[in-house]
Each structure stands twice: as structure tokens, then as C-alpha cells.
Amino acid sequence: MFVTLARVLLTYRNDGFLVVHAPVVMPLDGKFDTADFDPHGLTEMVGLFTEGTWNANFAEEMIPEAGDVILKNRTAFDAFQGTDLESLLKESEVNRLFIAGFLSNVCIEETARKASELDLEVYTLTDGCAAKSMEEHLIAT
């Protein structure tokens, strides 16, 4: 997964496309907002992608570079909630969104749904996504 995404990111950067990272980082003292769809009870988890811990770090192959945007203040599984992603895309006149990441059936799916509601053309880079099981990944993508 990371080898493919690293090549995609390199191509996008070289071609001058906007690269946005939307990390899931939960506050030390809190949880995400309750989600409408949370089949795994992830909003109730504590210690998952907690700020300041190793599991909130970017994978080596995905480390943001100069010019990339890193969204902050994400409060839910969809990358729009709590962040300035929507205004960033509008200001940058982006109408086509390519999404990759983890979990295919939660964060990726919710972000894609919200982007569609905003009339963005959405593409999921399925070989750059993952879920807790192959079945969950395949159902989502």
C-alpha cells in the first residue's frame, strides 16, 4: 500500500496538485464526536491514534513534504468535520478529490460521502486503502 501511495504522492507533487493529509489524531483527554455510523464503536475507543504517541505519527513513506497541507482539529471520521478542508478545496478551486487511507469502511467512506454531498467528483484509490479485514475493505470500495 505505501509503495503505491508514495509514487502517487510524488506524481501529484511533481504535477503541482494540492496534497492534503487528514490524520486521525484523538486528543489525550477526549474522544471523537459521536458518529452517525460507527459499527465498530471506534468513537468510544481511548488510545487510538492519540496525540503525542507513536500511533498518531505518519508512516515513513507518507511523511508530509513542504507544500503539503496537514489538516488539524479533525473531530470525526470524515475529514471535513472540524477541519478547514471544505474551504481549502473551494479556495483552491478543487472539484476532483482522490482519497486514500485507513479505514476504507469508516474514514474513507465517510469522507467520500461528504465530498459527494459537496458536489465534488470523488475517486477512491482502493489499492491505497485498508480496513481491519479484506472483507470490510472490499465492501467499502
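The values are calculated or read from the model by the stated rules, or taken from the named source; none is laboratory data. Since this is a predicted model, take the numbers as computed values, not measurements. Here the Cβ is made from the backbone with ideal geometry for all residues, glycine too, and neighbour counts use every protein chain on show. Surface accessibility is based on the protein's heavy atoms, side chains included, excluding ligands, DNA and RNA. Shrake-Rupley method; radii C 1.70, N 1.55, O 1.52, S 1.80 Å.
Out of (1) modelled with pLDDT under 80; (2) open to solvent by 60 Å² or more (accessible area, probe 1.4 Å); (3) in contact with a helix residue (DSSP H, G or I) (Cβ under 9 Å, 6 or more places away or on another chain), what's the single condition that is false for Glu44? For Glu44, the failing item is (3).
Here Glu136 passes the criteria (1) under 23 Å from Leu88 (Cβ atoms); (2) part of a helix (DSSP H, G or I); (3) open to solvent by 40 Å² or more (accessible area, probe 1.4 Å) except the one numbered (1). Restricting the stretch 47-75 to residues that are part of a loop (DSSP other than H, G, I, E, B) and among the acidic types (Asp, Glu) leaves a set whose member that is surrounded by the most Cβ atoms within 10 Å (Cβ to Cβ) is Asp68.
Taking the listed residues Glu93, Glu86, the one that is in a helix (DSSP H, G or I), surrounded by fewer than 17 Cβ atoms within 10 Å (Cβ to Cβ), modelled with pLDDT of 95 or more and out of contact with any Ser or Thr (no Cβ under 8 Å at 6 or more places or on another chain) is Glu86, with no other qualifying. Residues in the stretch 102-113 that are closer than 11 Å to Phe77 by Cα, out of contact with any helix residue (DSSP H, G or I) (no Cβ under 7 Å at 6 or more places or on another chain) and charged (D, E, K, R): Glu110 alone.
Selection of first residues in the stretch 104-127 that are more than 18 Å from Val8 (Cβ to Cβ) and of second residues that are modelled with pLDDT of 95 or more and among the aromatic types (Phe, Trp, Tyr), restricted to Cβ pairs under 8 Å at least 6 apart or on distinct chains, gives the following pairs, ordered by first then second residue: Lys114/Phe80; Leu118/Phe80.
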